[in-house]
Amino acid sequence: MGLRGDYSRAGADFRVEQDWGAYAPEEHALYRRLFERQSKLVPRYACPEWIEAIAGLDAAQEIPRFDLISKKLRTRTGWEIVPVPGLIPDEAFFTHLANRRFPVTVWLRKPEEFDYIVEPDVFHDFFGHVPLLFDRTYADHLHEYGKGGLKAMRLDAVKLLARLYWFTIEFGLMNTPQGVRAYGAGLLSSGGELAYCVEDARPRRLPFDLERVMCTEYQIDRYQETYFVIDSFEQLMRETAPDFTPIYARLRSSLVS
Ligand code: HBI
Ligand code: FE
């Protein structure tokens, strides 16, 4: 995979120890700077569910201890954090989600990557993804997504399903009474795209449409040109509840032709 994490001590499910004592003071300082930068933006641009969840986490001062966060998370939604060396193969990833375990990368970016990082690091995974795991409906959707991922592998449809993850969990927007807000982790953890996705006139903001999402290509190294907007996590849950098999068949024929 050409990845930067240390996979040498990973278990069969790619779990590693977080080894919290090994983080250098400079790493906690960099994490604090990242947290402070986003803290100026989230009140204006993050969805209410994320705002509410981060308030209960006390995670601003240093890189969080995953075991302590998992203890809180388990009581709230039955989820827990599994420390990983970075991106892991689809099957391991989907299996963790299907068991209410969210993989969180243990390493932090370098100072020169303050504004952009290619692979998810602990700041992206923790700040972007973990708070919403405290929301029951979002967490239940992610659990279904994990089970759906294992099924998509059997149907050779992971490429289509990955687009759903991209345009929701990573780059999703939500309508609120105050206007559109971000819930995607890639947006919440981004220094520039968080304001851009809410207030820039350039990107398209389309109502969530499952088949349109699955037909939409995405870029991984620049701001998105298209965002999909849900009205609520209940809507996301409802619209992704059906069996995707017939959708995959329909879209695959379109992919081929
Ligand atoms: N691994 N650690 C980690 N985090 C991810 O978000 C992730 C992954 N492996 C695969 C993956 N995401 C996507 O390819 C799937 O959603 C399709
Ligand atoms: Fe992510």
Residue tally, condition touching a strand residue (DSSP E or B) at 6+ places or on another chain (Cβ under 6 Å) and surrounded by fewer than 11 Cβ atoms within 10 Å (Cβ to Cβ), over the stretch 208-257: 0
Condition check for ILE51: away from ligand 2 (no atom under 16 Å from the Cβ), over 27 Å from LEU150 (Cα atoms) and either outside any helix (DSSP H, G or I) or in contact (Cβ under 8 Å) with a residue 24 or more places away in the chain (or both): no
Residue match in the stretch 120-138 (condition: more than 14 Å from ligand 2 (Cβ to nearest atom) and either closer than 22 Å to HIS28 by Cα or of a type in the set (Val, Ile, Thr) (or both)): yes
When residues of the stretch 64-104 are limited to those that are assigned to a loop (DSSP other than H, G, I, E, B) and within 12 Å of ligand 1 (Cβ to nearest atom), the one surrounded by the fewest Cβ atoms within 10 Å (Cβ to Cβ): PRO89
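If we scan the stretch 174-195, do we find a residue that is in a strand (DSSP E or B), within 13 Å of the chain's Cα centre (by Cα) and among the small types (Gly, Ala, Ser)? Walk me through how you get there before you give the answer.
Initial filter on the stretch 174-195 (in a strand (DSSP E or B)): 174-176, 179-182.
Subsequent filtering for residues that are within 13 Å of the chain's Cα centre (by Cα) retains 182.
Those still in the list that are among the small types (Gly, Ala, Ser) too: 182.
Yes.
State which residue is nearest to PRO120 (Cα to Cα) when the search covers only the stretch 7-26 and only residues that are open to solvent by 80 Å² or more (accessible area, probe 1.4 Å) and in a loop (DSSP other than H, G, I, E, B).
Taking the stretch 7-26 first, the residues open to solvent by 80 Å² or more (accessible area, probe 1.4 Å) are 8-9, 12, 15, 17, 19, 25-26.
After this cut, where a residue has to be in a loop (DSSP other than H, G, I, E, B) as well, the list is 8-9, 12, 15, 17, 19.
Details: SER8: 19, ARG9: 19, ALA12: 21, ARG15: 16, GLU17: 17, ASP19: 18 Å.
Among them, the one singled out is ARG15.
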Evaluation of GLY179 against (1) of a type outside the set (S, T, N, Q); (2) open to solvent by less than 20 Å² (accessible area, probe 1.4 Å); (3) away from ligand 1 (no atom under 13 Å from the Cβ); (4) within 16 Å of TYR45 (Cα to Cα) (one fails), failing number: (2)
Test: residue in the stretch 234-242 that is within 15 Å of ligand 2 (Cβ to nearest atom), touching a residue at least 12 places away in the same chain (Cβ under 8 Å) and out of contact with any Lys or Arg (no Cβ under 8 Å at 6 or more places or on another chain): no
Considering residues of the stretch 109-122 that are part of a loop (DSSP other than H, G, I, E, B) and within 16 Å of ligand 1 (Cβ to nearest atom) only, the residue surrounded by the fewest Cβ atoms within 10 Å (Cβ to Cβ): VAL118
Given (1) more than 16 Å from ligand 2 (Cβ to nearest atom); (2) free of Cβ contacts under 8 Å to residues at least 60 places away in the same chain; (3) over 18 Å from PHE94 (Cα atoms), number of the condition LEU150 does not satisfy: (3)
Which listed residue is part of a helix (DSSP H, G or I), modelled with pLDDT of 95 or more and more than 13 Å from ligand 1 (Cβ to nearest atom), from ASP140, ASP125: ASP140
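The values are calculated or read from the model by the stated rules, or taken from the named source; none is laboratory data. Only a predicted model underlies this, so the values are computations on that prediction, with no experimental measurement involved. Quick reminder, even Gly has a Cβ in these numbers, built from the backbone with ideal geometry, and neighbours come from all protein chains shown. Side chains are part of the model used for accessible areas, which takes the heavy atoms of the whole protein and leaves out ligands, DNA and RNA. Shrake-Rupley method; radii C 1.70, N 1.55, O 1.52, S 1.80 Å.
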